[in-house]
Amino acid sequence: MSENSFTWSERLLLRWMSIREAIGFTMLKLRYRARIRFGPGSKVSAQTFRFSGLGRLEIGAGVHIDPGYHPVSFDVGPGASVIIGDGTWIQSQTGPTRFAAAAGAVIEVGKRCWFSGGHLGASAKITIGNDTLIGWGCSIIDSSLHGMDNDTPARTAPIVIGSYVWMPNYITVFPGVTIGDHCVIGAGSLVTEDIPPNSFAAGRPAKVIRRIGNRDSTR
């Protein structure tokens, strides 16, 4: 839709909203200049962006964090880092998105990924490849957080999700899991074991249903 399709009052409102977003982003960069690196061409909405902690956040070139109804939160503990790769798009219309890295932990997201809600919680490390799509309600946490009883410690193990992976919604990934490149995980699945590349897997727990081809042409 072209700008000429709007009335003069609608155009004025859109212009004001654009100016407000630009001012808000500038204020974010000034406020967090010691702990956040904003890459060139990135656009981050002050309306939805939340940051807390003493760690380091790196937002790559061309990253978009949309204005919307739900927050996009980064909780980064001391000595921890969260890295969002170039060209990644984080939507905020569907549900909240949270990246939480405990002290010394790392969350590393590749290039051109897409999020529309979900929770990533790292006590050790979570790695996501390039061009991976993660929808609302997904939970990717690399620690069990609590032991089963007094004699069983909490389990913590890194999670690796490959490139060109599609995880639509309400998927839970357990500590220590690796999901290979070009995988599709069925909605509502519980991923407790490694999924090999080029697989469609689903279920609770998730099992490989069939092999699939490469997904790099879908972006």
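Once you keep just the Cα pairs under 8 angstrom separated by 6 or more residues, what percentage relative contact order results for region 84-219? Reported as a whole number, the value is 16 percent. The gain in end-to-end length when the LEU190 to ASN214 segment is fully stretched comes to 6.3 nm, 0.36 nm per residue minus the alpha carbon separation. Full extension of the chain between ARG155 and LEU54 yields a length gain of 33.9 nm, computed as 0.36 nm times the residue separation minus the alpha carbon distance. The residues neighbouring VAL160, those whose beta-carbon lies less than 14 Å from its own, together hold a net charge of -4 under the Lys/Arg +1, Asp/Glu -1 convention. The Rg/Rh ratio for the chain, using Cα coordinates for both the radius of gyration and the Kirkwood hydrodynamic radius, is 1.02.
Taken together, the values in this text are just the output of simple stated rules run on the coordinates, not laboratory data. Predicted model, so just to flag it, every value in this text is computed and none were measured. Glycine gets a Cβ as well: all are built from the backbone with ideal geometry, and neighbour counts include every protein chain shown.
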